[in-house]
Structures are given as structure tokens and as C-alpha cells.
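Below: the structure, in C-alpha cells.
The values are calculated or read from the model by the stated rules, or taken from the named source; none is laboratory data. This is a predicted model, so every value here is computed, not measured. Don't worry about glycine lacking a Cβ; one is built from the backbone with ideal geometry, like all the others, and counts go over all protein chains shown. The area values use the complete protein model at the heavy-atom level, side chains included, leaving out ligands, DNA and RNA. Shrake-Rupley method; radii C 1.70, N 1.55, O 1.52, S 1.80 Å.
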Amino acid sequence: MKQFLLAAAGLFAFATASAQNVTLKVKLKPIQTLVVNKSQEEVNLEYKTTDDYLNGVSSPNTDHLNIYSTGGFEVKVKTDDPTMQSGGKNIQSNTIKITATAGSNAVNGAQYSQNVALAGTESTLVTSTTGGANKKISIEYRGAGQDTYINNYIANQDPTVYTAKLIYTIVSK
């Protein structure tokens, strides 16, 4: 019986002395998404009164952009054409200004740009050294005042419409 107990103890000692190692790696790949609020995919700047032409008009869009970023990032904007055209007349896109502000779920420590003129090249609207999930950015579009567009109405059009496509991008920082 002693031999059996010694043999069993020896097997137990052998079984517990055996070990295997496992290497666990956590691999984080960069993810960045930027989504425009579906209900705000079309923004209108309407000039209806003399005050509108004199003072300009604006369209505030709360929580206009939703971002997800696994680290620091920049949000940029540009227009597909620096000159908006209608019926042989044109409006320069750089007369439209964009202001970015924190949305309802703000990006911690982000810097927001004010009065960025639209252009055919990218302009930075938001810069952050940290990432975040489901972060919101509000955007205000402001059309020029001082009667800048007074001669851009075309007779027999109600209204005369000038259109520009805007392209928002998010890049790692």
C-alpha cells in the first residue's frame, strides 16, 4: 500500500510540475469613422429679406457629425468646386464660412476651428490628441452678408440655387 501511495504521489508531483506557456497578444487596429447626421445631409442658406442680404444667413446643425476614432484625429472639410454656378453666374465657395463646436457628446480636449472659409483644398475643423466613440460635432454654415450675393439672383427663377458638395474626412493624428 505504501508503494501505491508513493507511486500516486510521484505521479501527482509529476503532473503538477508540468506547465505550458501561452502568449496572449492584444492587437489594436486603427478605426476611424465619420458620419453626417442623416437628417442634415442637405443644408440650405436662404436669403429672403433685405436683412438677410445685408447681414448674411446661417444654418446651425447640432450634432452634424458623428465620429469614432481609436486615437488622435483631425476632421477636415473641402468643397468639390470652389465656384458654385447657376445660369452663367457664380458664387465663390470661400464666401461661405464654417464654424465647428462641441456637440452633445463632446470630444475631450478637442480644438474647434471658427469661420473656416470653404475651399477646394482641405481645411481643418477639429483637432484632437485623443480618440473617442460616438462623439458629436456641431457645424454652423454662414453665408456672406454685406449684399455679397445681391447680383446673383437670376430673373424668373424662384429661387436661384447655387450648389456645392462638401467632403468631410477624418485622418489619424
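What residue, among those in the stretch 105-116 that are modelled with pLDDT of 95 or more, assigned to a loop (DSSP other than H, G, I, E, B) and open to solvent by less than 60 Å² (accessible area, probe 1.4 Å), is nearest to I139 (Cα to Cα)?
The extreme case among them is S113.
Restricting attention to the stretch 46-81, which residues are within 20 Å of D147 (Cα to Cα) and open to solvent by 60 Å² or more (accessible area, probe 1.4 Å)?
Residues satisfying the conditions are E46, K48, T49, T50, D51, L54, N55.
Identify all residues within the stretch 118-145 that are in contact with a Leu (Cβ under 9 Å, 6 or more places away or on another chain) and either polar (S, T, N, Q) or not in a strand (DSSP E or B) (or both); write none if there are none.
Answer for the stretch 118-145, where residues must be in contact with a Leu (Cβ under 9 Å, 6 or more places away or on another chain) and either polar (S, T, N, Q) or not in a strand (DSSP E or B) (or both): L118, S138, G143, G145.
In the stretch 117-165, how many residues are under 15 Å from the mean Cα position of the chain (by Cα), closer than 25 Å to G71 by Cβ and open to solvent by 50 Å² or more (accessible area, probe 1.4 Å)?
Within the stretch 117-165, residues that are under 15 Å from the mean Cα position of the chain (by Cα), closer than 25 Å to G71 by Cβ and open to solvent by 50 Å² or more (accessible area, probe 1.4 Å) number 5.
Residue by residue, here is whether (1) more than 18 Å from V77 (Cα to Cα); (2) part of a helix (DSSP H, G or I); (3) modelled with pLDDT of 95 or more holds:
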residue	(1), (2), (3)
L11	yes, yes, no
T16	yes, yes, no
V26	yes, no, yes
K29	yes, no, no
V35	no, no, yes
E42	no, no, yes
Y47	yes, no, yes
N61	no, no, yes
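Name the one entry in A144, A119, A100 that is touching a residue at least 12 places away in the same chain (Cβ under 8 Å), in contact with a Pro (Cβ under 7 Å, 6 or more places away or on another chain) and closer than 26 Å to N55 by Cβ.
A119
Filter the stretch 88-104 down to the residues that are part of a loop (DSSP other than H, G, I, E, B) and within 15 Å of the chain's Cα centre (by Cα) and list them by number.
Once the filter is applied, which keeps residues that are part of a loop (DSSP other than H, G, I, E, B) and within 15 Å of the chain's Cα centre (by Cα), the stretch 88-104 yields G103, S104.
Any idea how many residues of the stretch 63-87 are more than 16 Å from the chain's Cα centre (by Cα) and either at pLDDT below 95 or of a type outside the set (G, A, S) (or both)?
The first filter runs over the stretch 63-87 and keeps only residues more than 16 Å from the chain's Cα centre (by Cα), leaving 80-87.
Then drop every residue that is not either at pLDDT below 95 or of a type outside the set (G, A, S) (or both), which leaves 80-85, 87.
Counting residues in the stretch 63-87 that are more than 16 Å from the chain's Cα centre (by Cα) and either at pLDDT below 95 or of a type outside the set (G, A, S) (or both) gives 7.
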